[in-house]
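The structure under discussion appears below in the form of structure tokens.
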Amino acid sequence: MVLSAKDKIVSLSELAALITDGSSLALGGSFLHRGPFALVRELIRQGRRGLELIKQSPGYDIDLLCRAGALRRTRAGIVAMEGNFGLARWYRQAVESGQIELEEHACATITAGLRAAAFGIPFQPCGGLQGSALPALNGWKSCEDPYGSRRDVWLIPPIAPDFAIIHANAVSRSGDARVLGTAHWDRIMTRAAKKVLVVAEELLPDESFRERPELTLVPHFMVEAVAVVPRGAWPGSCWPHYEIDYPAVEAYVAETDSDLSGHLAAAPEARVSANA
Amino acid sequence: MPEERWSGFSYIVTNLARFIRPNEVTFSGVNSNLPMMACLLAKDAYDFYFTYINVAGGVDPHPTKVPISSSDPMLAAGTQSIFSNEDFYDLCTRGGMDLCFLGAAQIDGEGQTNVSVIGDWHAPKVRLPGGGGGAVMLPTARRSCTWRTEHSPRVLVEQLDFVTASGGMHGLVTPIAVFVKRDGRLVLQSWHPEKTLDEVIARTGFPIDGKGATPTPPPTAREQAALAALDLAGAFEEAAHVTLD
């Protein structure tokens with residue numbers, strides 16, 4: 001008899017409960033696109049504190065965590081709400097006031113650090129960076145090519161997040177995660193992190209994954225737990241299911257105080273549980 | 001003729017598009033609506049092929065509408081492959097990126113950029129978004145171009161508050177001027193015909209002399225038609241808030 005892998009499906013609140021105060025989180029997606037935003041909101045509902053966010057291009061997620069006072073630190077390459085929304089205001093205020101510590105990266109140096117962790121090596125050379133003030137700021141070291149090309153290269157130390165959390169288009173019961181369209185940096189995040197959590201639009205039968213295994217970005221054995229949350233990337237997009245909910249983003253940006261109760265109550269996952 | 005006049009918005013988008021060359025790999029990224037429109041304009045207005053790749057993973061995509069976010073998955077609609085983030089960075093660092101559009105808050109005369117901070121990095125007056133790909137792409141892409149919707153000495157500076165990315169821009173477009181790199185310095189190539197050379201020099205914080213510069217040739221009928229088709233309702237022009245002052 002062939003035993004199947006264990007069932008990894010949990011509720012959104014159970015998924016968030018796996019993350020303890022002070023954890024470092026690599027969050028998938030980019031700006032307002034296919035981010036695990038329902039999980040970020042649930043961490044805030046549960047009052048999580050002292051988190052670190054690792055992401056090449058955070059926006060809504062980091063702004064929300066700063067606004068809730070849940071973040072202590074970030075490693076990021078570019079932070080904005082994007083589109084016509086400009087800077088992420090609560091993030092900006094948190095850095096300017098010293099509420100959070102910023103380790104400023106280029107997007108590719110985050111990727112290099114994640115690659116070092118994923119490859120199991122103590123550092124990863126990264127192209128470019130010549131003349132930038134970022135290496136000195138972060139204390140990165142360079143070395144000359146030991147094979148004699150006389151080219152110097154910057155060496156980025158490993159970035160091994162406690163958790164990688166991605167929003168997938170679909171999952172299997174045992175945790176295979178299917179991503180459609182660009183994977184952004186989700187793949188390398190899931191290879192670098194100690195544990196992988198997945199939020200997904202929908203649950204599909206194993207047969208569907210067997211028919212198109214090349215669409216599976218993360219195999220089930222690498223995944224700790226999964227929550228199925230339709231519209232969980234709201235107010236961002238999840239292609240091809242839905243686009244950015246611009247009125248919702250405008251309403252979020254227009255709010256001037258730190259009280260998130262209205263915004264959290266308007267989220268799809270909150271409306272579903274209120275109706276249940 | 002009034003139809004040949006530039007607006008600040010059409011000036012930036014169209015002159016960014018004029019940096020695109022045949023058969024080259026050209027990239028536009030996050031937070032980059034004006035270069036996104038420049039790439040789409042060039043696909044429509046110019047009689048040559050170039051490879052347009054973008055941060056949404058699209059390779060020569062066929063978007064059915066122009067998205068408000070320049071990283072929107074719409075920019076991968078109709079693509080025949082997904083060329084994702086890790087791929088295009090690696091392409092750039094190994095020398096395969098011909099033209100990169102990269103954002104900037106401040107630009108100096110060598111075409112270096114600050115996208116990090118106004119004031120001291122450790123005690124910021126304004127914390128800016130950060131450079132994203134800049135620090136890695138600017139020194140490794142064959143050419144990079146940037147744009148600003150403001151032309152002033154606080155944006156085009158002698159001394160950056162912080163060097164986020166070095167390596168030097170090949171081109172820079174503002175609402176009133178086009179700069180290009182010559183002997184390692186950004187020099188004025190042309191200026192908005194409704195402005196004077198003296199005004200452009202006065203509003204540029206790094207030294208330029210304007211030698212060899214001419215008024216910018218007006219938009220062609222095809223450039224105008226292509227931009228009009230991309231911004232039918234004028235929403236992008238309105239959101240960009242570009243003035244000549």
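Bear in mind that the values in this text are calculations on the coordinates, not laboratory data. Keep in mind it's a predicted model, so treat the numbers as computed, not measured. Please note: Cβ atoms are built from the backbone with ideal geometry, for glycine as well, and neighbour counts cover all protein chains shown.
Below is a table of values for the structure above.
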quantity	calculated
Pair-distance profile P(r), taking every C-alpha pair of the range B:158-245, with 10 angstrom steps and integer %	14, 38, 33, 15, 0
Filtered trypsin sites (Lys or Arg not before Pro), the range B:133-217: DSSP coil and at most 11 other beta carbons within 10 Å	B:ARG154, B:LYS211
Dmax and Rg, reported as Rg then Dmax, of the range B:2-240 (C-alpha, Å)	17.1, 50
Local electrostatic count, A:ARG187, Cβ distance below 12 Å [Lys/Arg +1, Asp/Glu -1]	-1
Convex hull (Cα only) mean projected area of the range B:150-192, reported in nm² to one decimal	3.3
Coil-residue chymotrypsin sites (Phe, Trp or Tyr not before Pro) of the range A:128-215, DSSP, other Cβ within 10 Å capped at 12	A:TYR147
Relative compactness, chain A, computed as alpha-carbon Rg over 2.2 N^0.38 Å	1.02
Convex hull of Cα atoms in the range B:1-42, direction-averaged projection (nm²)	3.4
Choice from A:SER174, A:SER142, A:SER57 with maximal GNM fluctuation in chain A (Cα, 10 Å cutoff)	A:SER142
Under-5 Å amide H pairs with A:GLU104, H placed in peptide plane, nonlocal only	none
For A:ALA170, residues with placed amide H under 5 Å, excluding near neighbours	A:ARG178, A:GLU201, A:GLU202
Alpha-carbon centroids, the range B:91-137 and the range A:223-270: separation in whole Å	30
Theoretical FRET efficiency, 1/(1+(r/R0)^6), r = Cβ-Cβ of A:PHE221 and B:ASP60, R0 41 Å, to 0.05	0.65
For the range B:129-136, Karplus couplings with θ = phi - 60° (6.51, -1.76, 1.60), whole Hz, Gly/Pro x	x, x, x, x, x, x, 4, 9
Karplus-derived HN-Hα couplings along the range A:36-47 (A = 6.51, B = -1.76, C = 1.60, θ = phi - 60°), whole Hz, x at Gly and Pro	x, 6, 4, 5, 4, 5, 5, 4, 5, 4, 7, x
Per-residue mean of C-beta atoms belonging to partner chains within 10 Å, peptide B:79-92	4
Globularity index of the range B:111-218, i.e. its alpha-carbon radius of gyration over 2.2 N^0.38 Å	1.09
Shielding of A:128-141 by partner chains, average beta-carbon count, 10 Å	6
Residues whose placed amide H lies under 5 Å from that of A:HIS33, excluding near-sequence neighbours	A:SER237
Cα-based Rg and Dmax for the range B:20-103, where Dmax is the largest Cα-Cα distance (Å)	11.5, 33
Largest-first principal axis extents, alpha carbons of the range B:92-159, Å	37, 25, 18
Cα centroid separation, the range B:17-70 to the range A:20-76 (Å)	31
B:GLU238 paired with A:LEU137, simple spin-label distance in nm, labels 7 Å along Cα-to-beta-carbon	3.6
Rounded if a/c under 1.5, otherwise prolate or oblate - the range A:38-181, Cα gyration tensor axes	oblate
Bridge type composition, the protein assembly as shown - antiparallel percent by DSSP, nearest 5	40
Ranking of B:THR204, B:THR64 by count of other Cβ atoms within 10 Å, fewest first	B:THR64, B:THR204
Sum of side-chain charges, B:ALA240 neighbourhood, beta-carbon under 13 Å (Lys, Arg +1; Asp, Glu -1)	-3
Derived scalar couplings ³J(HN,Hα) [the range B:13-21; Karplus, 6.51 cos²θ - 1.76 cosθ + 1.60; whole Hz; x for Gly, Pro]	4, 5, 6, 5, 4, 5, 7, 6, 10
Rg to Rh, two decimals, where the range A:106-239 supplies the alpha carbon set and Rh follows Kirkwood	1.09
DSSP bridge pairs, chain B: antiparallel proportion in percent, nearest 5	50
The range A:124-161 and the range A:179-210: distance between their alpha carbon centers, rounded to Å	30
Kirkwood hydrodynamic radius of the protein assembly as shown, Cα pairs, Å	23.6
Cβ-placed point charges (K, R +1; D, E -1), dipole of the protein assembly as shown about Cα centre in debye, nearest 20	940
